[in-house]
Amino acid sequence: MENYTSHSQLSNSNRSNNTAPPLPQIQPVRWAEEQEDDWNLQEFLSVLRRRSVILAGVTIGVFTIVVTNLALNRKPPEYQGSFQLLVEPVNDESKTVDVVKDFNLQKSSLDYESQIQVLKSPELMRTTIKNLQASYPGIDYYSLLESLKINRLEETKIIEVRYQSTNPKQTQVVLERIADNYLDYSQIERQTKLRQGVQFVEKQLPFIQNRVDQIQKDLQYFRQKHNFNDPESQDSQIGLLTVELSEQKQVIDLQLAQARANFAILQGENGVLATLNNSPLYQQMVSQIRQFDVQIAIESTRFQDANPIIQALKEKRANLLPLLRQEEKQLLAVKFAEVATQLQGLEVQSQELAKIEQKIAQKRKQLPVLARQYIDLQRKLQIANESLNRFLSTHENLQIEISQSALGWQLLQAPTTTDIPLDAFSTQRNLMLGLVASILSGIGIVLLMEKLDNTYHSVDELKKRLKQPFLGNIPFGQEVETKENDASNQKLSLVKIQNFISEKITSSNILPHKQNRDYSINFIEALRVLYTNIQLLSSDRPVRSIIISSAMPGDGKSTVAIHLAQIAATMGQRVLLVDADLRKPVIHDRVNLNNLWGLSNLISTNLPVEEVIRQLPSMNKLSVITAGPIPPDPTKLLSSEKMKQLMADFHNRFDLVIYDAPPMLGLADASIIAPHTDGLLMVVRIHKTNSSMIKMALDNLKIARLNILGIVSNGRKNSFNSSNSYYE
């Protein structure tokens, strides 16, 4: 890996110099992307099968620890006995107590928690312990209490007492003594408790009755003082008064407006004329004056102004004018007085209505306060009445219980002790639980390892996670894997490879084992499928040049490149295999060629291409260009103009050019030459390639907008769920 990463920074800098126009690229067919879902049952079972050894080991180890722990911590067998007591009567009066709920009781007249503590108290247990110590001196209060369990059976009126010890006879004797002690206690204690309850109720009744009487007096005084019946009727009454007052005020306001208008008109000239015109006496006097004026005018035509007739007429007219003025003043004075009186009366009525309206508003404002006070008094009275009724009912029920309590508690189940130890079934149960816990621990460890595992384990997972076109999977067998990883066995000539494939294609029956025959056929067919899928990526023009790379070293890119070139040659294509891995070349070792001259010589010198291209004699359609001597700066050579020209020449001279490029991560070699090909083929190795690395490599390719033809997987043949039945 160090050889691959030594020139990564220089590779990135030289890549920017690649300015030659790229060859036309074929867009791959985009397959439907699958959504990443959670594990289903099939995937879960597949994980368990794949890691079955770890699952079995963890399960056996944990179960062994459980069994050892149970064996080391096993205690002496203990025997348990019990008896049951009915501590409250089951009859109709119990329902009455349940309904009235007396002062300290809810659904029951007994506080079970407190009662159980009393049953465990040293005072109550003293007599029992004294009787038991005569036969069992080792029993004291604390040892007895440690083994004694007293519980109420759910919501019933039954108390269950349990005791356990290593001696079954001792357990039976202890339970019998405790049962006798509790029955004796119930007859005395219950009578005392009920009588104390009666005394408490009788003591509280006078205070509660006085409280009820006082609240009733307060409510009566409140109603009389505020003339208040209830909030609803009071609010309704105020509402009716408000409506009636509003109607009266509207009438008064209308009359007042009319009176003011009349007064204003009367003060004007038109009002005066209207008043005078409506007076008969005034109009009669005006008519007489007009008659005198007419007579004077007539006589003036006949006589001089000094004529006694004219003088007499004028004198009469002059005497009538003062009377007319006096009548006018009197009429106007009377009319003004009448209008002013009416206006004043209306204003007084309006003021009175305003005062009444103010009082009603104040009363409405006080209504919520009065209503709240009234409701508080009503609520207090209701609570007091309920409390009084509850105490009266409780008093009656306690009297009934006193008459019935002579029987005391009843023993529903006599003391019995089992002959089977308590841990007889617990051991089996613990073993079963331990087995289940062991299996779950194994599954948990397996799932944790699967979660921490960053590799792909199946083709389906590879398709699902990478969301790239999947072009094929190559089921590498042990023989191919050994040739790739073992440097001492890598001297495999292409002649032998061709013969090997030809034999498997035409004479598969010569293989000694059916398993090897099936694998060989699957291997060859997988390569054919890969080649066909590559050619079907575009319907317009075939793929002429591809780069084969991987995210990490050791993913099998070179092996795929060699075998793909070989298959394409057997299909009749003129194929050129170029070892573009100028950092760690392996093609020359795989095909048994020397590496004295190669791609690095073509780029750095003027060496003719024909001297570097090796055409294998056994496969006349397959040519190989090895990497040549490793240069100090491979990135600089691959990004040179000479390399672009060579790639264009290769593209024109051959039907298919396959470039074996270095891994993607940390190196820019494949990204530099990829734009001048039809696309890049990414090789992923099942159970080996880190998923984060391959995703990072694909992201880098997408950022660089390089054409990704698809993904090819490889792995052991048992990694693929392919069926061989077709060839059988």
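The values are calculated or read from the model by the stated rules, or taken from the named source; none is laboratory data. Everything numeric in this text was worked out from a predicted model, so none of it was measured. All Cβ positions, glycine included, derive from the backbone under ideal geometry; neighbour counts span all protein chains shown.
Tabulated data for the structure shown
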| quantity | calculated |
| --- | --- |
| Top-ranked residue in region 403-415 [being more than 54 Å from the chain's Cα centre (by Cα) and within 18 Å of Phe83 (Cα to Cα); ranked as modelled with the lowest pLDDT] | Gly408 |
| Helices (runs of 4 or more DSSP H) within region 605-717 that include 2 or more residues farther than 18 Å from Ala580 by Cα and free of Cβ contacts under 8 Å to residues at least 12 places away in the same chain | 691-703 |
| So Ala333, is it assigned by TED's automatic domain parsing to the domain that holds Ser246, more than 30 Å from Thr242 (Cβ to Cβ) and modelled with pLDDT under 80 | yes |
| Residue match in region 333-343 (condition: of a type in the set (S, T, N, Q), more than 60 Å from the chain's Cα centre (by Cα) and buried (at least 16 other Cβ atoms within 10 Å of the Cβ)) | yes |
| Leading residue by the ranking (modelled with the lowest pLDDT) among those in region 351-388 that are buried (at least 16 other Cβ atoms within 10 Å of the Cβ) and over 29 Å from Leu219 (Cβ atoms) | Glu357 |
| Among the candidates Ala648, Ala697, residue that is assigned by TED's automatic domain parsing to the domain that holds Ile534 and either touching a Gly at 6+ places or on another chain (Cβ under 8 Å) or closer than 21 Å to Gln468 by Cβ (or both) | Ala697 |
| Count of region 647-668 residues which are more than 47 Å from the chain's Cα centre (by Cα) and surrounded by 20 or more Cβ atoms within 10 Å (Cβ to Cβ) | 9 |
| Qualifying position, being modelled with pLDDT under 70 and more than 27 Å from Ala627 (Cβ to Cβ), among Asn533, Asn509, Asn522 | Asn509 |
| Test set (1) over 24 Å from Val543 (Cβ atoms); (2) surrounded by 19 or more Cβ atoms within 10 Å (Cβ to Cβ); (3) of a type in the set (Val, Ile, Thr) - Val624 fails condition number | (1) |
| Region 83-111, subset more than 18 Å from Gln196 (Cα to Cα) and of a type in the set (Ser, Thr, Tyr), residue modelled with the lowest pLDDT | Thr96 |
| Qualifying position, being at pLDDT 50 or above, under 20 Å from Ile587 (Cβ atoms) and either in the same structural domain as Lys695 (by TED's automatic domain parsing) or surrounded by fewer than 16 Cβ atoms within 10 Å (Cβ to Cβ) (or both), among Ile474, Ile497 | Ile474 |
| Count of residues meeting criterion [among the hydrophobic types (A, V, I, L, M, F, W, C) and farther than 21 Å from Thr570 by Cβ] in region 603-651 | 12 |
| Among the residues listed as Gln172, Gln187, the single one being outside the structural domain of Leu388 (by TED's automatic domain parsing), more than 56 Å from the chain's Cα centre (by Cα) and surrounded by fewer than 15 Cβ atoms within 10 Å (Cβ to Cβ) | Gln187 |
| Checklist (1) of a type in the set (Asp, Glu); (2) modelled with pLDDT under 70; (3) outside any helix (DSSP H, G or I) applied to Asp419, failing item | (2) |
| Residue in region 65-82 that is surrounded by fewer than 15 Cβ atoms within 10 Å (Cβ to Cβ), part of a helix (DSSP H, G or I) and modelled with pLDDT of 85 or more present | yes |
| Test: residue in region 283-304 that is in contact with a Lys or Arg (Cβ under 9 Å, 6 or more places away or on another chain), in contact (Cβ under 8 Å) with a residue 24 or more places away in the chain, closer than 30 Å to Gln378 by Cβ and among the acidic types (Asp, Glu) | no |
| Residue tally, condition surrounded by 20 or more Cβ atoms within 10 Å (Cβ to Cβ), more than 49 Å from the chain's Cα centre (by Cα) and of a type outside the set (A, V, I, L, M), over region 528-557 | 1 |
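Each row is one residue, and each column tells you yes or no for (1) over 58 Å from the mean Cα position of the chain (by Cα); (2) within 14 Å of Thr417 (Cα to Cα).
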residue: Thr166; (1), (2): no, yes
residue: Leu183; (1), (2): no, no
residue: Phe200; (1), (2): no, no
residue: Pro206; (1), (2): yes, no
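Each row is one residue, and each column tells you yes or no for (1) more than 21 Å from Ser236 (Cα to Cα); (2) among the aromatic types (Phe, Trp, Tyr); (3) without any contact (Cβ under 8 Å) to a residue 40 or more places away in the chain.
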| site | (1), (2), (3) |
| --- | --- |
| Ala340 | yes, no, no |
| Val348 | yes, no, yes |
| Lys363 | no, no, no |
| Leu367 | no, no, no |
| Ala371 | no, no, no |
| Tyr374 | no, yes, no |
